[in-house]
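The values are calculated or read from the model by the stated rules, or taken from the named source; none is laboratory data. Fair warning: this is a prediction, and the values are worked out from it, not measured in the lab. We place every Cβ from the backbone using ideal geometry, glycine too, and count neighbours over all the protein chains shown.
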Amino acid sequence: MNQTVVSYLSQYEFYDFLLALFRNNQGVLAFTLYLLLALIIVGMCATIGGLGTYAERKISADLQARIGPNRVGPYGLLQMLADGVKMMTKEDIMPFTADKKLFYLAPLLCLTGVFATLAVLPFSSGFIMADLNVGIFYLVAISSLVGLGVFLGGYASNSKWSMLGGMRGASQIISYEIPVTISILAIVLLAGGMGFGTIVGRQGGLPHEWFMFHNPFAFIAFFVYSVGALAETNRAPFDLPEAESELVSGYHTEYTGMRFGFFALAEYIEVFVVCGVAASLFLGGYNVPGIKLDILPMQAAQFVIFMTKTLVLYYVVIWIRWTLPRLRVDQLMSVCWKYLTPIAIFNLMGCAIWMVVFNGKSIAELVLGSH
Amino acid sequence: MIPAQFDALMPIVIFMGLAILLFFGGHYLSVVLAPKKPSHLKSTPYECGELPVGSAWSMFNVRFYVVGLIFIIFDVESVLMFPVASIFRELNDMGQGGYALIIFLSFISVLIEGIAYCWKKGDLDWVKSFQHSHKKENK
Amino acid sequence: MFLQFLFISSAVLTVSCALGVLMVKNIMHSCVFLLGSLMGIAGLYATLGADFVAITQIMVYVGGVVILMLFAVMLTGGNDFVSRAQNLLGLPASMGNKWTYAIGLLVGVVFLLTNIQLIRGLTKALPVKTITNEFPSTVTQIGHLLVKDHVLAFEMSSVLLLGALVGAAIIARPRKQN
Amino acid sequence: MMSLASYLIISLILFVVGIVVMIARKNIVAILLGIELILNAAALNFVAYSRYVTNNLDGHIFSLFIIVIAAAEAAVGLAIVIRFFQIKETIHIDEATQLRN
């Protein structure tokens, strides 16, 4: 059965009150609640995406011993609003050789693919919009729309730089999807289900209960997933599709104003989603250490735990970007196919054998001897 | 009172709808706010300040296709592995772990054969395949 | 209510994008229309309660086949393919003159009507299950079917994919000579 | 509204459109697009029958394998198209006449 946020709320009294308010119309009430919560999530993620650009500059300034943005608002915090206003007031230019329909469509595909993944992201045990049975599989599948958007954006511009960037971007995103998917398969195998509720529910709050430390193979799988996810979101050191020194600006060279803004927003939200997935698959997700209660205030604590883990990973992503140099294209492909994919397959086999040999127990359970 | 189960799909549709709304809303704002002074030079595709030579379409090497080809085969195999992986724990608890392991490993071993073949033949090797085909580059 | 909305929008998307594949001359646009059609079919699977098949459809087609087709279009001269003379319907004039189209249309209409009659008869004859609004998980059942009843097909499909990989890599691999 | 017949009619339309694409388009890639539409029409039928007529999920398995085979077919077919283009420098189906005589 698919749990949703509405079916979670329906166990409390105020749901009946709301239902009476909507004249017992289940569908309309569900729609209203979903829409409200979806708006909250989108607003939150857009803010996080905007703050991401700010954090990126601040952290890079920090790493390079500069000050970074400090003019707009306190500590330059309102920089993101200034950026947004700037994007909207820039002229929208389309190359006259462009494929106009696809030029419009490409940012929309990127945005749709990223937004649709938010529907299954587990913020807390109740506040997960739809805990589908196929949760993680759905997330992997729908985020491949982003690769399509990147390719079409590069194609439709009809500029050489864009085309090269789009081609590279699409082949990079699809290549790195393989190690990521196989690492996720290892976790699905350990958890015994694809829903986020199942996966997170089988972990605990403390580090020895996380899937990352379940067995050595899962530990390696975490790093394979991280590298692959960095490459899938086109972040440095894998930002070849938009390598400034080689390709001007890659697939969005010809995009200006708001359309460029959509690409940037999609990218920053995707980084957030990827970090959230890593947190919930490998790092215990929303589980609060030590406490197992099912009351409404617990949801807030779980939400805080989840966001903390995710934002720490977000920081690490930005940190890596300003630390490591960019790869070459041939290195990129050999990293994916000659290192990550064989390691990921090996991990999957290792996890399967571990499941059978040790009957699904983690290292901690074996060492501590608890049932 | 539990809502209808198919409503679990509603958030997906809502999020997609929100993406489309945001897209068109942003476009509308940019149409209202942005200046509109088109010129021919402005809408030329960027080519380092020079006038663009020819179209950017149709200048690609077959190695991109080979990467896509290997990808799609692995993608499909991972799709088939997902349901088996998600019942692996259940089978193991039922005492059929060995059977499931044999099935799973024999499936993966065929996958490994595929990647080993491509590795040996140099399909995973970006530079090598480039050297093979650089004579056809100018077509 | 929502289910009907999903069904209608998916059906409209599927059929209109399929017609788009047919009508549009630009092969790149055809591929994008195919993408829309396949997404619509994924929505139809979802309305049938087949969640796993729906997501598989998105994963394999949207993430794989359509990108592969776009790559192939780029490798085969992109958009430069100029179809020969066009006629009124926007279809390439490869089938001959208007009489061929008229006869084709007539045959199509007869075929459609016959099939609709057949389908009506069929739906009356078949014992129709009562459809509940439940949405049970199909994943575990599909997993059990894959490792028990259909295990041979499961294993053979990996061999099939290996064969496809090897064959297609041999065909598409860049050659030294010529 | 939602019944077996409506799914079958959608599937029928898809099938006919796929056939027409295969016949009318002269670009080989477009013909492959038509084949994808036809295979999808068949897979949709399997799932619809599985929900409305039978009580098991065998239809889902069938459409799963149809999708698998469609992917393999697309991979091999497009490889052939690319090879054909390298030899003939066109992807017009009427140029594929080497086996005629």
>> Within segment C:129-136, does at least one residue satisfy the condition of being among the hydrophobic types (A, V, I, L, M, F, W, C), at pLDDT below 80, more than 30 Å from residue B:120 (Cα to Cα) and in contact with a Phe, Trp or Tyr (Cβ under 6 Å, 6 or more places away or on another chain)?
In response: yes
> Restricting to helices (runs of 4 or more DSSP H) lying wholly in segment A:117-213: which have 2 or more residues that are among the small types (Gly, Ala, Ser) and more than 30 Å from residue A:33 (Cα to Cα)?
Replying inline: A:144-157, A:160-191
>> Only one of A:319, A:354 is over 17 Å from residue A:208 (Cβ atoms), at pLDDT 85 or above, of a type in the set (Phe, Trp, Tyr) and surrounded by 14 or more Cβ atoms within 10 Å (Cβ to Cβ). Can you tell me which?
In response: A:319
> In segment C:10-45, how many are more than 15 Å from the chain's Cα centre (by Cα), part of a helix (DSSP H, G or I) and surrounded by fewer than 24 Cβ atoms within 10 Å (Cβ to Cβ)?
Replying inline: 3
> What number goes with the only condition from (1) within 20 Å of residue A:235 (Cβ to Cβ); (2) in contact with a Phe, Trp or Tyr (Cβ under 9 Å, 6 or more places away or on another chain) that residue A:143 does not pass?
Replying inline: (2)
> Condition test on residue A:55, is it facing chain B (nearest Cβ under 7 Å), in contact with a Phe, Trp or Tyr (Cβ under 8 Å, 6 or more places away or on another chain), in a helix (DSSP H, G or I) and surrounded by 13 or more Cβ atoms within 10 Å (Cβ to Cβ)?
Replying inline: no
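Results for (1) in a loop (DSSP other than H, G, I, E, B); (2) aliphatic (A, V, I, L, M); (3) surrounded by 19 or more Cβ atoms within 10 Å (Cβ to Cβ); (4) within 20 Å of the chain's Cα centre (by Cα), shown as yes or no for each residue.
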| residue | (1), (2), (3), (4) |
| --- | --- |
| A:23 | yes, no, no, no |
| A:42 | no, yes, yes, yes |
| A:62 | no, no, no, no |
| A:68 | yes, no, no, no |
| A:80 | no, yes, yes, no |
| A:83 | no, no, no, no |
| A:87 | no, yes, yes, no |
| A:95 | yes, no, yes, no |
> If only one of A:196, A:222 is modelled with pLDDT of 85 or more and surrounded by fewer than 24 Cβ atoms within 10 Å (Cβ to Cβ), which one is it?
Replying inline: A:222
> Yes or no: residue D:37 within 26 Å of residue C:9 (Cβ to Cβ) and surrounded by 23 or more Cβ atoms within 10 Å (Cβ to Cβ)?
Replying inline: yes
> Does residue A:151 satisfy the condition of being surrounded by fewer than 24 Cβ atoms within 10 Å (Cβ to Cβ) and either in contact (Cβ under 8 Å) with a residue 60 or more places away in the chain or more than 15 Å from residue A:282 (Cα to Cα) (or both)?
Replying inline: no
>> Suppose we keep only residues that are in a helix (DSSP H, G or I) and of a type in the set (A, V, I, L, M, F, W, C) within segment C:46-57. Which one would you say is farthest from the other protein chains (Cβ to nearest Cβ)?
In response: C:54
>> So for segment A:100-113 (the condition being modelled with pLDDT under 85 and over 26 Å from residue B:35 (Cα atoms)), does at least one residue qualify?
In response: no
> Can you pull out the residues in segment A:156-166 that are within 12 Å of residue A:95 (Cβ to Cβ), in contact (Cβ under 8 Å) with a residue 12 or more places away in the chain and not hydrophobic (A, V, I, L, M, F, W, C)?
Replying inline: A:157, A:158, A:159, A:162
> Which helices (runs of 4 or more DSSP H) sit wholly inside segment B:31-126 and have at least 2 residues that are more than 8 Å from chain A (Cβ to nearest Cβ) and under 30 Å from the mean Cα position of the chain (by Cα)?
Replying inline: B:63-86, B:97-120
> So which residues in segment A:214-227 are within 14 Å of another protein chain (Cβ to nearest Cβ) and part of a helix (DSSP H, G or I)?
Replying inline: A:217, A:218, A:221, A:224, A:225
> Given the conditions (1) closer than 23 Å to residue A:272 by Cβ; (2) within 11 Å of chain B (Cβ to nearest Cβ); (3) surrounded by 20 or more Cβ atoms within 10 Å (Cβ to Cβ), which single one is not true for residue A:30?
Replying inline: (1)
> Is segment C:58-65 home to any residue that is hydroxyl-bearing (Ser, Thr, Tyr), closer than 23 Å to residue A:135 by Cβ and either more than 13 Å from the chain's Cα centre (by Cα) or outside any helix (DSSP H, G or I) (or both)?
Replying inline: no
>> Among (1) within 21 Å of residue A:99 (Cα to Cα); (2) among the charged types (D, E, K, R); (3) at pLDDT 80 or above, there is one condition residue B:75 misses while meeting the rest; what is its number?
In response: (1)
> residue A:35 fails exactly one of the following numbered conditions: (1) more than 30 Å from residue A:161 (Cα to Cα); (2) more than 10 Å from every other protein chain (Cβ to nearest Cβ); (3) surrounded by fewer than 16 Cβ atoms within 10 Å (Cβ to Cβ). What is the number of that condition?
Replying inline: (2)
>> For residue A:309, only one of the following conditions fails: (1) at the interface with chain B (Cβ under 10 Å from one of its Cβ atoms); (2) assigned to a helix (DSSP H, G or I). What is its number?
In response: (1)
> Which condition does residue C:172 not pass, out of (1) within 11 Å of chain B (Cβ to nearest Cβ); (2) at pLDDT 80 or above, if it passes all the others?
Replying inline: (2)
